[in-house]
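Below is one structure, written out as structure tokens; comments come after it.
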Amino acid sequence: MVDLMTDAGSEDSFLVPELTGLGAPPMANGELLFEQPWQSRAFGMARALCEAGVFTWDDFRQLLIVNIQRWEQDSGTQTYAYYDIFLQTLTLLLVKKGLCPQAELDNRQHQLAERPHGHDH
Amino acid sequence: MSEPHDHHETPPQAIRAEALESLLMEKGLLAAGAVDAVIARYAERVGPMNGARVVARAWCDVDFRRRLLLDGTAAISEFDLEGGQVEKLVVVANSAKVHNVVVCTLCSCYPWAVLGLPPTWYKDPAYRSRVVREPRSVLREMGLDLQDDVQIRVWDSSAEVRYMVLPEQPLDTFGMAEADLAERVSRDAMIGVAR
């Protein structure tokens, strides 16, 4: 039987720093709370990029904290949506680092949104 | 983003995330399967880690072990676990001669606070019905071959009472620090389908 607790590499320390402190994602019962599949994709992307050395978790977290604070100042009565801010932050960081040009991303998003879904309009 | 004639209810963030992921893969910044691997790892590790901490303390601290077996709910309140669990947690200890395994025959009652989300097979009708009737065979199929003289006790969880197994401490871990011990406790051992 695969030992699930020991196969994750040494980077994930016992305290799981990326899941605690300021800017930490929503959790319940020690479990990450994803309300929609894209939220887990966004979280998975950020962690995978971090593990691949594209950026450090601290870089990402600092920017996330700033964006959350900005949202808190500007939001009015909108419902807090952690992963909306998370995805914006991830995109912003990659654009800023020149790794993913904004125009290219917008184009791809537009293409994907235009996909036919089997409806005849 | 969504056009009036669009029957599809994909939220714009989902398309944004998909667009980003596809571009990052094309650019070689994300390896194929890397995102899936991260998600799977967090699903497996982060939840059950609470239970692993509880088990590790029971291995290190005889008094805590006694409290845990006497009243699981009270004992785990010594940990700062999120999400107040109102139901009763009963912890059952394995020994050389007794092996415990947990099931929920009716649905998928599971001690969330200590073990996170239940694995898929825990909710599977085959596991739920068969582990009660033929636990030794089911455990063997899951990779745990118990000797014939080991008694198997099957505990049926419910909305009122949830069970967690306290595995035996592996001999090669005696003397290790509590935090290191927690890393050695698997989710499956706390359900009782592994040692």
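Values as computed for the structure displayed
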item: Helices (runs of 4 or more DSSP H) (entirely within the range B:1-63) containing at least 1 residues that are buried (at least 16 other Cβ atoms within 10 Å of the Cβ) and at pLDDT 95 or above; result: B:12-26, B:49-60
item: Hey, A:Leu112 touching a Leu at 6+ places or on another chain (Cβ under 8 Å), at the interface with another protein chain (Cβ under 10 Å from one of its Cβ atoms) and under 17 Å from B:Thr10 (Cβ atoms) or not; result: no
item: Helices (runs of 4 or more DSSP H) wholly inside the range B:121-195 that include at least 2 residues being under 20 Å from the mean Cα position of the chain (by Cα), at pLDDT below 90 and not polar (S, T, N, Q); result: B:125-133
item: Counted residues, the range A:38-63 - those being in a helix (DSSP H, G or I) and away from chain B (no Cβ under 12 Å); result: 7
item: Residue match in the range B:82-97 (condition: among the basic types (Lys, Arg) and modelled with pLDDT under 90); result: yes
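The values are calculated or read from the model by the stated rules, or taken from the named source; none is laboratory data. In this text the structure is predicted, and so the values were computed from the model without any measurement. With ideal geometry, Cβ positions are generated from the backbone for all residues, glycine too; neighbour counts draw on all protein chains shown.
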